[in-house]
Each structure stands twice: as C-alpha cells, then as structure tokens.
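These notes are about the structure you will find just below.
Every read-out reported here was derived from the displayed coordinates using simple, explicitly stated rules and does not represent laboratory data. Quick caveat: nothing in here was measured; it's all calculated off a predicted structure. Neighbour counts run over all protein chains shown; Cβ positions are idealised from the backbone, glycine included.
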Amino acid sequence: MNPTWFPRLLATAFALAAACAPARSLADENPAPAHPELLPVFDQFGGKPGLDALMDDFMIALVDDPRTRDYFAEADQKHVKAMLSEQFCVILGGPCTYTGKGMKEAHAKLKINEAVFNALVEDLQKAMDLHRIPFRAQNKLLAKLAPMHREVVTMP
Amino acid sequence: MTPCNRTRSWCMACTVLLGAVGAGAHAQSGETRVAPTAAESARPDPGVFGSGKLILTGGVSPLEGAAGGGLTPWAVIGGQGTRDEIGASAFYTRVGVQDYHLDDIGVLVGFFNRLELSIAKQRFDTEDVGAALGLGRGFTFSQDIVGIKLRVAGDAVLAQDSWLPQFAVGIQYKRNDRGAVLDAIGARDDDGVDYYLSATKLYLDHSLLANLTLRMTRANQIGLLGFGGDRSDRHKPQLEGSIAWLLSRNVAIGAEYRMKPDNLGIAGEDDWYDAFVAWAPSRHVSLTLAWAHLGNIVIEDDQRGLYASVQIAL
Ligand code: HEM
C-alpha cells in the first residue's frame, strides 16, 4: 500500500456526500412518532404526571438560561409545556394524543441555531436530573428528539 | 428518512463559510408582516466563537493534537464550536510508565464543526534507559505534530435516527528532533506523515460512543523513535478503536486499542491499549485518567502506567 489511496478515498467521500445531499425530503416529519418499545422509559419518567411536573422545571430552566430566555419569556408557556408533555408522552409510547403543531411550523419564525438547540437540550437534561430520571432513560428520549434539529434549527 | 439527510449540515457549513445567506433572509418572504413576537425577535448569541456543543462531544483527550480519545483521533471536530462557530481547545497530557515518561501539550482550533487544525509537542524522557544506552540519563526525544482533520460526512451526535457514523479524514505531519540518534537505531527518517480515516458515532439509545480509525503510518512508537526502519519503510494500515460508555452527563468510562507497526529490528514495538475514565466538571474542562499498556519500548518490556490529561475547551 502507498499513500496515493488517500486522495482517492477523499474524492470518493466527497462524491458520496454530494450525491446524498439532494435526497432531503421537504415533507414535515411526524412531530410525535410513537415508540411503544419505550413504554418502560415512560414509566421511568413517572408517566404523564411525571412529564407534566418535568415541564414545569424545564420551562423554569429555559427562562433562567440567558441563551434561551428571550425565546420563551413572553411565549404562552402554559401551552408550550402542555404540548411538550403530550409530545414526549406519545414518543415514549404513553396513552396520549399530540394536538400541537409540526416542528417545522412551530419554529419556522424563530431564529434558532445549533448552539441554541444544544442549550435547550442541556436545560432539559438539567430538569431531568432534577427529577431524578435515570441517565439512560434520559438518553432514550433524547435520541428521539435529536433528529428534530433538522426542523427546529432554522439558521443559518 | 434517508440516512443522507444528515449531509444537509454540510451545505449549511458552506453557506456560513461563503457568507452567502444573511440571518434575516426569510423575514423578507412574501407574507404580510405583523409585528414580530418577543420569541421571533430572539436571537442566538451573535459571537462566532461559540461554546454550543454538548458536553463531552468534542473529544476528551488528544495525544497527537487531534481531538479524540486518549490513544486515537475521533471523527469529531474539537473545541466547543457548532456549525456556525469557531471553537478551540488546549491540552496537557502526561504518561508515566515504569522506565519512561511522556509530556505532551497542544492546541487545536475547530472551524464550523468542519475543519480542525492542531499542533502538539511531545517530549519523551528516557530516564535511566538513556544512560544505559549511552545517550545520557534523562535523554529526551521531542516531536512536533501538525494536524489537519476534515469532517466529510455524517453527524455523530444529532443524527440519532441513523446508525451511520460521522466520518473524518486527517493528516498528521510529525517531525522528531533527534535525527542522529534515530539514524543510529535504524530509523529511516526523522519526519513522516500519517493519514487516517475515522468513524465516530454516539449511540445515545445505548449511552455508548464508538470510534474506529484506520491509519496509514510508518511511525515508530508514533514517531517518537522516527519513521520507517530496517524491517519496513512503507506506510502500513493500522486499526485503532475506542469505546466509551456514558455514565452521566459528564462522566464516561471506556477502553481503547491502537495497532502499531513494528519497523525497527533492535526495538520491537507492541500495540497499545488502555482503560480510561473521563470527567467533564464543566463544558469547558475535561480530565482523563487512564491505565495504559504500552508494551515493549526500546529495551524495556511490558511498560504500563498512568495516563493523565487535562483539556480546556472554548
Ligand atoms: C427537539 C427540540 C424541540 C422540541 C421537541 C420542541 C417542541 C416544541 C413544541 C411541541 C412546541 C409547541 C407547538 C405548538 O404550539 O403546537 C414548541 C413551541 C416552541 N418552541 Fe420548541 N421544541 C424544540 C426546540 C426548541 C428550541 C431549541 C427553541 C428555542 C430556544 C424552541 C422554542 C420554542 C418556542 C418559543 C415555542 C413557542 C412558539 C409559539 O409561541 O408559537 N424550541 N416547541
């Protein structure tokens, strides 16, 4: 083997990335895809009452955090908390219906970059820690939320 | 959902780099404007020097300057910068085994979660072995490493709906300061280039992070003993792997393995492996402690000991 394989590999990698790019669909993703297999995680969150209580502290953290404060300070917090609770409930296989907007629609007019997205995730982690939700259970929920960055992150 | 969706961030990085799209672009779209709500007027922190990455996702402890685990680079771009930010980090690592120790410092800059530039300086102290070999007690080999790493595809952290890892390619140019001694032990060169391809994925469902790196190298003991030798002088493929289990938001434990070539007739070389614990007391600081097995080094067999590293990231 000699080092000339490397530029070729690089070229292949770029070609692959380029070929993949236009494959993005424009249709909105389901904002609350149900994962029945996560029902045990739903229980670890304390069911729907647990989620409702979690949202209270999540919202407090969001309004406390200078990185996210301006987005939520004057929003209809009660409504957002209710929608988040429904959304997480459905995702975790719980017996709920999500009645809110799609993720693209809900965030389209907001200026959200990846750092702000990560800030919100961090605040959610802090709230989950506060509610003593096991770390592994937290990650199972976050794994379902993380791909939503494609619809939630609106900039650049 | 195609696995290729992730590559959108690639295009976004391009727009940032080219500065083509202003942040207000979609405010002008056709619809009649009503006064924006407070939330709509909210803006991210405007600075380009970011600290937006999730904790521990920028690597824990570089050895050769490139962000990654203790023994091997990962496909992640170091520093705390996201795709519209610049990040940076600095590290100091000390490895102490029975008969030698290594001091290692370096800095890296990560651009838009796409490109990483790094420099590192390693000083390998031969302690009493130096005297035994007639070089003098505490004889040191130093090596400078300049690295560049480019993320080519994938998203290790956010694309949790795809099992596909994040890929990066990298180059490390290494130069050793002891040409004459290296010559005497049979090394062909005092400088050399490593090429690598890394694949890294956070499997959040399982709280696991896995990395696999394929490196083409002719370095002896990662370059501390020069490049090429009497047994072989060619770049050879070597595999390196890390696995880390996240125990909490800021603690991970794991293990690593690094294959190495064995080019020098008089100084047999073994693969390296370690078990580590990494702790990030804040988003900006991480500490790594490892128990490392480094095998034979020159004339001393079965070298093992503690690897300690501190990293500060912005
Ligand atoms: C995975 C991440 C996120 C999820 C799952 C999520 C979910 C939701 C949901 C369910 C709603 C309510 C939709 C409705 O009114 O029907 C909402 C609204 C909202 N979200 Fe998010 N969101 C995420 C990230 C973010 C981020 C990063 C920000 C900015 C810091 C943000 C800011 C807002 C605001 C301000 C509203 C209220 C908008 C309004 O008043 O109409 N969200 N989000």
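For this structure, a couple of remarks:
- When the trypsin sites (Lys or Arg not before Pro) in the stretch B:59-145 are filtered for DSSP coil states and for at most 14 other beta-carbon atoms within 10 Å of their beta-carbon, the remaining sites are B:R137.
- Each residue of the stretch B:101-108 was assigned a 3J(HN,Hα) from its phi angle through the Karplus expression (A = 6.51, B = -1.76, C = 1.60, θ = phi - 60°), giving 9, 10, 10, 8, 10, x, 9, 9 Hz with x at Gly and Pro.
- For the residues of A:63-73, the average number of beta carbons from a partner chain within 10 Å of their own beta carbon is 3.
- Amide H contacts under 5 Å for B:G226: B:N220, restricted to partners 5 or more places along the chain or on a different chain, H placed in the peptide plane at 1.01 Å from N.
- Ranked by how many other beta carbons lie within 10 Å on average, peptides A:30-37, B:97-104, B:37-44 from highest: B:97-104, B:37-44, A:30-37
- Rounded FRET efficiency, nearest 0.05, which uses the C-beta distance separating B:A131 from A:D56 and R0 of 45 Å: 0.10
- Scalar couplings 3J(HN,Hα) for the stretch B:226-243, obtained by applying the Karplus form with A = 6.51, B = -1.76, C = 1.60 to θ = phi - 60°, are x, 9, x, x, 5, 7, 7, 10, 9, 5, 10, x, 10, 9, 9, x, 9, 9 Hz; x denotes Gly and Pro.
- Efficiency of FRET between A:T99 and B:R123 - r from beta-carbon atoms, R0 56 angstrom, step 0.05: 0.35
- Ranking of A:K48, A:K144, B:K174 by neighbouring Cβ atoms within 10 Å, starting from the fewest: A:K48, A:K144, B:K174.
- Averaging 1/r over each pair of different alpha-carbon atoms in chain B and inverting the result gives 20.6 Å, the Kirkwood hydrodynamic radius.
- Global form of the stretch A:84-156, assessed from the alpha-carbon gyration tensor, a/c cut-off 1.5: oblate
- Packing-based exposure ordering (other Cβ within 10 Å, fewest first) of A:K78, B:K260: A:K78, B:K260
- Take each residue in B:231-240, count the other chain C-beta atoms within 10 Å of its C-beta, and the mean is 1.
- Net charge contributed by nearby residues that have their C-beta within less than 9 Å of B:T213 (K/R +1, D/E -1): +1
- Length gained when the stretch B:A90-B:Y203 is fully extended (0.36 nm per residue, less Cα-Cα span): 38.0 nm
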